[in-house]
Amino acid sequence: MNALRVTGGRVLRPDGSVTESDVTVDRDTGTIASVDDGDGTPPSAAETLDASGSLVIPGLVNAHTHVAMTLLRGYADDKPLDPWLREDIWPAEAELTPDDIEAGAELGALEMIRSGTTAFADMYFSMDRVADVVDRAGLRARLGHGVVTVGKDDAAARADVEESLAVARELDGAADGRIRTAFMPHSLTTVGEEFLREGVAEAREAGIPVHLHANETVEEVDPIVDERGERPIAYAADIDALGPDDFFAHGVHVDDTEIERLAAAGTAVVHCPASNMKLASGMAPVQRLREAGVTVGLGTDGAASNNDLDVFDEMRDAAMLGKLAADDASAVPAAAVVEMATDGGADALNLPGGRIEAGAAADLAVVDLDAPHLTPVHDPVSHLAYAARGSDVRHTVCDGDVLMRDREVLTLDAEAVQQRAADAARDLVDRVESA
């Protein structure tokens, strides 16, 4: 066995307990061979990662983002969602080139590796370029071309739907199987019903899951209720977009009936607390969703509305916002948000990872606990939710490969990636302002 040994640390186990253990990775299969507590003779390993003074956790899962929007980080702040999209984001995106998207995706991949994220879901454009970045970076992803038909003629709208379906078919299984795909209409209000029905029907026939934004704002819910006499999740069910392999972003304004419908269908919800707060979209009822049995993951959304891709920040925000939404300090506790950021996210995306146990995917992050803001360590799970930062991640491993060792990213040239992205962002803004 071509082994990697993560030694000397404590390990977060699937039941939420923490044990002093070593983790042995089979790099040939990209899986965890064993988690041993010092019993017996450990297997020899060609390579080791020192986890002394650290906590070994499953790689974090960013279950909803628009990764190339790193180029728009800080570009248009402090506006509500609809005018922010129409006045700032969509005009800027109209000027994006495939080279821009690749540069932004590289920057996002670098940021995620450095903060312990090993898997993500991305809805955006030029997904062949994003797939190339995922391959080079060594990450795991579920990718899809985002469809928007509002403001487009019939031919352009159909072409957008067909591109999303073609991307889903062509990229699935890329990067040695680390890339999976989905049909990704932007939302139930930005894609016309005719195109939604046709696209979802084709996706179903091909066995392709569906990912879209749902119930993000009141302004997104009310038009559906007014025009159709039903709420968005019922509309999603009507067009056959509510299935056990599907996952919806946000779910801020869902009522009890919608929560029950999501749970019954097995459709996951990806909570994006920082984006929801920044855009004043509202507070998702995460406690009620989880109590109903809905799988809930965590996502950063794009860096234009967050403004970072650090899932540790999302854990803290999710716990805090969840307590406010439920008016209960015991709601959405630390263990729950850690589960949402790991196993919950992997389940939502139907990707390997999220657990440290024999046979699981070898997607790991090693968090250094030797820092003032992490001292003392009464409860390491509490620290993950409330005190840890992406900058505390020491090593990142995905599919058995070391992506970052002692804060040095091995799969990307950090300095070159940052410079390329900064140049691309400056040129993009220049084009937008002169358009």
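The values are calculated or read from the model by the stated rules, or taken from the named source; none is laboratory data. On a predicted model such as this, the values are computed, not experimentally measured, just so you know. In this analysis, Cβ positions are derived from the backbone assuming ideal geometry, glycine residues included, and neighbour counts consider all displayed protein chains. The accessibility values were calculated without ligands, DNA or RNA, using every heavy atom of the protein model including side chains. Shrake-Rupley method; radii C 1.70, N 1.55, O 1.52, S 1.80 Å.
Worth pointing out:
- With θ taken as phi - 60° and the Karplus curve 6.51 cos²θ - 1.76 cosθ + 1.60 applied, the whole-hertz 3J(HN,Hα) list for region 364-374 is 9, 9, 10, 9, 6, 8, 8, 8, x, 6, 10 Hz, x standing for glycine and proline.
- Residues in region 235-260 reached by a label modelled at Glu193 [backbone nitrogen below 20 Å; 7 Å Cα→Cβ]: 235-243, 258
- Centre separation in Å (Cα based) which lies between region 125-161 and region 45-82: 20
- Anchor Lys79: lysines whose Cα lies under 18 Å away (excluding residues fewer than 8 positions away in-chain): Lys278
- Taking each residue as 0.36 nm, the span from Arg169 to Thr257 lengthens on full extension beyond its C-alpha to C-alpha distance by 28.3 nm.
- The chain: relative contact order in percent, alpha carbon pairs under 8 Å with at least 6 residues between: 22
- Choice from Val11, Val221, Val25 showing the highest fluctuation, given a GNM over the chain with Cα pairs closer than 10 Å: Val221
- Cα-based helix-to-principal-axis angle, 154-171 vs the chain, degrees rounded to 10: 20
- Surface exposure of region 309-395, expressed per residue as accessible area with a 1.4 Å probe, stands at 35 Å².
- The chain - percent of accessible surface contributed by carbon and sulfur, probe 1.4 Å: 46
- Contact order normalised by residue count of region 296-346, Cα under 8 Å, 6+ apart, percent: 44
- Calculated from backbone phi, Karplus (6.51, -1.76, 1.60) coupling profile of region 269-282 in Hz, x at Gly/Pro: 10, 9, 8, 10, x, 5, 5, 4, 6, 5, 8, 6, 6, x
- Normalised Debye scattering of region 1-144 at q = 0.14, 0.18, 0.22 Å⁻¹ gives log10 I(q)/I(0) of -0.78, -1.02, -1.30, counting only Cα atoms as equal scatterers and leaving out solvent.
- A Cβ-based charge dipole, computed about the Cα centre of region 60-349 with Lys and Arg at +1 and Asp and Glu at -1, lands at about 780 debye.
- Sequence-distant residues sharing a close amide H with Cys398 (under 5 Å, placed H): Leu364, Leu403
- Three principal axis extents describe the C-alpha atoms of the chain; from largest down they are 66, 46, 42 Å.
- What the Cβ-Cβ distance of Asp240 and Asp28 gives, at R0 = 35 Å and to the nearest 0.05, is a FRET efficiency of 0.30.
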